[in-house]
Amino acid sequence: MSDRKSETRDDYRWSLDIPVRWMDCDAYGHVNNVIYYAMMDQVVTVYILNAGVIAMGTSPSIGLCVASACDFHQSIEFPEVVDARLRIAKLGSKSVRYEIGLFREGEEAPAATGHFVHVYVDRHSRKPVALTAAQCEALGPLVLGDAA
């Protein structure tokens, strides 16, 4: 794995601004670690909903998280607005590895980097299913070089 902290915003394909809420901070005065995961989940979910990869309540398949990780590089504090960045490192036939960088205003190095791996399953049976051509097309703009 590369030194993810040396990455910059330009290494990602899509972004979403996420304001830090007062309640996101812990007793130490910085954003609690679980909120970093919530921000990463939010940028992935907003993208896949907006791009039509899934539709809440109606799409035949959904992505279930089977793995996740986060590396913390800097503290984030209230009232910052986080620039959550997204890319796809691996687009498989039934799974996707989303990679996320969380950036503070004015900082080129990420405050945190992480990933989620989603396996796409039938909404009802929860058995893995192949991504459709339309899903792959919607995810395509986020795919890195030879990640497909």
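Points worth noting:
Each row is one residue, and each column tells you yes or no for (1) at pLDDT 95 or above; (2) under 18 Å from V44 (Cα atoms); (3) surrounded by fewer than 21 Cβ atoms within 10 Å (Cβ to Cβ).
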| position | (1), (2), (3) |
| --- | --- |
| V119 | yes, yes, yes |
| P128 | yes, no, yes |
| Q135 | yes, yes, no |
| A138 | yes, yes, yes |
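- Residue list for the stretch 81-90, filter: out of contact with any Ser or Thr (no Cβ under 7 Å at 6 or more places or on another chain), over 18 Å from I54 (Cα atoms) and buried (at least 18 other Cβ atoms within 10 Å of the Cβ): V82
- Of everything in the stretch 93-115 that is more than 21 Å from T8 (Cβ to Cβ) and not in a loop (DSSP other than H, G, I, E, B), the residue that is nearest to the chain's Cα centre (by Cα) is V96.
- Scanning the stretch 39-92 for residues that are in contact (Cβ under 8 Å) with a residue 12 or more places away in the chain and part of a helix (DSSP H, G or I) yields M39, M40, D41, Q42, V43, V44, V46, Y47, I48.
- Residue in the stretch 91-112 that is in contact with a strand residue (DSSP E or B) (Cβ under 7 Å, 6 or more places away or on another chain), modelled with pLDDT of 95 or more, surrounded by fewer than 17 Cβ atoms within 10 Å (Cβ to Cβ) and among the aliphatic types (A, V, I, L, M) present: no
- Residue within the stretch 37-55 that is loosely packed, with under 15 Cβ neighbours inside 10 Å and touching a Phe, Trp or Tyr at 6+ places or on another chain (Cβ under 9 Å) present: no
- In the set (1) at pLDDT 95 or above; (2) of a type outside the set (K, R); (3) touching a helix residue (DSSP H, G or I) at 6+ places or on another chain (Cβ under 9 Å), the condition left unmet by L144 is number (1).
- Search result, residues across the stretch 1-50 that are of a type in the set (F, W, Y) and over 16 Å from S75 (Cα atoms): Y12, W14, Y47
- Within the stretch 9-31, considering residues that are among the β-branched types (V, I, T) and touching a helix residue (DSSP H, G or I) at 6+ places or on another chain (Cβ under 7 Å), the one farthest from I48 (Cα to Cα): V31
- Filter pass, G63 being in contact with a helix residue (DSSP H, G or I) (Cβ under 9 Å, 6 or more places away or on another chain) and within 21 Å of P141 (Cβ to Cβ): yes
The values are calculated or read from the model by the stated rules, or taken from the named source; none is laboratory data. Note that this is a predicted model, so its numbers are computed, not measured. Cβ sites come from the backbone with ideal geometry, for glycine too, and all protein chains shown count toward neighbours.
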